[in-house]
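The values are calculated or read from the model by the stated rules, or taken from the named source; none is laboratory data. This one's a predicted model, so the numbers in the text were calculated from it and none came from an experiment. Ideal geometry is used to build each Cβ from the backbone, glycine not excepted, and the neighbour counts take in all protein chains shown. Note: areas computed on protein heavy atoms with side chains; ligands, DNA, RNA excluded. Shrake-Rupley method; radii C 1.70, N 1.55, O 1.52, S 1.80 Å.
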Amino acid sequence: MSRPATLHRTPHRPHAWLAWLAASQLAGAGLWGVAGWRWGLPALLLSHAAFIVPVFLPRATLYAPALSRLPGDERQVWLTIDDGPSDDTPAILDALDRHGMQATFFLVGQRAQARPELVREILRRGHGVANHTWSHPQAWFWALGPRAMAAQVERAQAVLGELAGQPPRWFRAVAGHTNPFLAAPLRRLGLARAAWSVRGYDAVDGDVVRVLQRLQRGLGPGAIVLLHEGAPHGRSVEIVEAALCLLREQGYASVIPE
């Protein structure tokens with residue numbers, strides 16, 4: 001079942017945060033001038049925090065809109081799988097086939113370029129392909145400047161568009177982080193940012209039971225489920241299989257909002 005195009009929200013004003021930043025600094029400085037540093041300094045520190053903290057919050061929308069849940073009360077979820085393609089991709093595709101589920105694979109451009117046959121197989125089996133940056137710079141994605149940020153988004157988009165025959169429409173930031181320079185390339189490329197509402201931390205935790213417990217706590221109609229492939233612990237296929245069983249047992253179908 002398709003979802004309405006209104007879910008796909010590209011940034012319209014990439015630099016709107018500048019106006020809020022200027023206003024907050026002026027307000028803090030004004031308070032300092034009127035009430036002294038005892039009030040003005042905390043106000044300025046809080047105003048800075050208001051622009052720093054959202055960088056690390058996956059569902060924050062200060063710097064770019066993000067879809068973190070599908071509307072409606074039907075027992076449907078958007079199943080998303082990050083960080084591929086990898087050696088796990090074929091087995092995960094087989095698991096999706098067995099359970100009759102569809103997913104969107106948020107692919108790393110560099111990895112997709114090295115394994116184009118897996119990208120084509122994902123599409124051949126009826127799944128979606130989306131942009132998850134060029135090289136997945138996990139430790140410093142949040143700190144990228146405008147040129148480096150644009151390169152991460154644009155290089156992945158070019159490779160994935162060529163392999164898929166059409167450019168992806170969705171983007172997921174590394175670790176869900178954003179900064180002031182992400183919105184501009186998303187707008188240029190017509191990309192909408194996808195966050196999530198349910199995760200099991202399966203990229204770092206290979207314990208299937210713990211991952212499923214986290215997933216189950218967050219499941220609900222319209223949930224966007226975040227899973228991974230190719231995790232260092234080597235149990236990604238097992239975890240995805242278990243997650244698919246959980247979804248079926250609880251009566252959930254999968255949907256791709258394209």
Looking only at the stretch 51-74, and only at residues there that are of a type outside the set (D, E, K, R) and in a strand (DSSP E or B), the one that is nearest to L226 (Cα to Cα): L67
Filter pass, V240 being open to solvent by less than 20 Å² (accessible area, probe 1.4 Å), within 22 Å of A175 (Cβ to Cβ), without any contact (Cβ under 8 Å) to a residue 60 or more places away in the chain and outside any strand (DSSP E or B): no
Residue check for L226: in a strand (DSSP E or B) and either of a type in the set (V, I, T) or on the phi < 0 side of the Ramachandran plot (or both): yes
Flag if D94 is charged (D, E, K, R) and within 20 Å of the chain's Cα centre (by Cα): no
In the stretch 77-104, the residues that are closer than 13 Å to I224 by Cα and crowded, with 20+ Cβ neighbours inside 10 Å: V77, W78, L79, T80, I81, D82, A103, T104
Answer from G126, G145 - the residue that is surrounded by fewer than 18 Cβ atoms within 10 Å (Cβ to Cβ) and on the phi > 0 side of the Ramachandran plot: G126
Those residues of the stretch 221-237 which are open to solvent by 10 Å² or more (accessible area, probe 1.4 Å) and under 25 Å from W170 (Cβ atoms), in sequence order: P221, H228, G230, A231, V237
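Criterion first (out of contact with any His (no Cβ under 7 Å at 6 or more places or on another chain) and open to solvent by 10 Å² or more (accessible area, probe 1.4 Å)) does L160 satisfy it?
Taking the combined requirement at face value, the residue does not satisfy it.
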Failed item, numbered, when F171 is tested on (1) over 22 Å from G126 (Cα atoms); (2) surrounded by 17 or more Cβ atoms within 10 Å (Cβ to Cβ); (3) hydrophobic (A, V, I, L, M, F, W, C): (1)
Residues that are within 25 Å of L67 (Cβ to Cβ) and of a type in the set (K, R), drawn from the stretch 201-245: R214, R217
One residue from V119, V55 being touching a helix residue (DSSP H, G or I) at 6+ places or on another chain (Cβ under 8 Å) and at pLDDT 95 or above: V119
Of all residues in the stretch 191-204 being open to solvent by 20 Å² or more (accessible area, probe 1.4 Å) and not basic (K, R), the one that is nearest to R13 (Cα to Cα): S197
Of all residues making up the stretch 150-202, the number that are in contact with a helix residue (DSSP H, G or I) (Cβ under 7 Å, 6 or more places away or on another chain), part of a helix (DSSP H, G or I) and without any contact (Cβ under 8 Å) to a residue 24 or more places away in the chain: 0
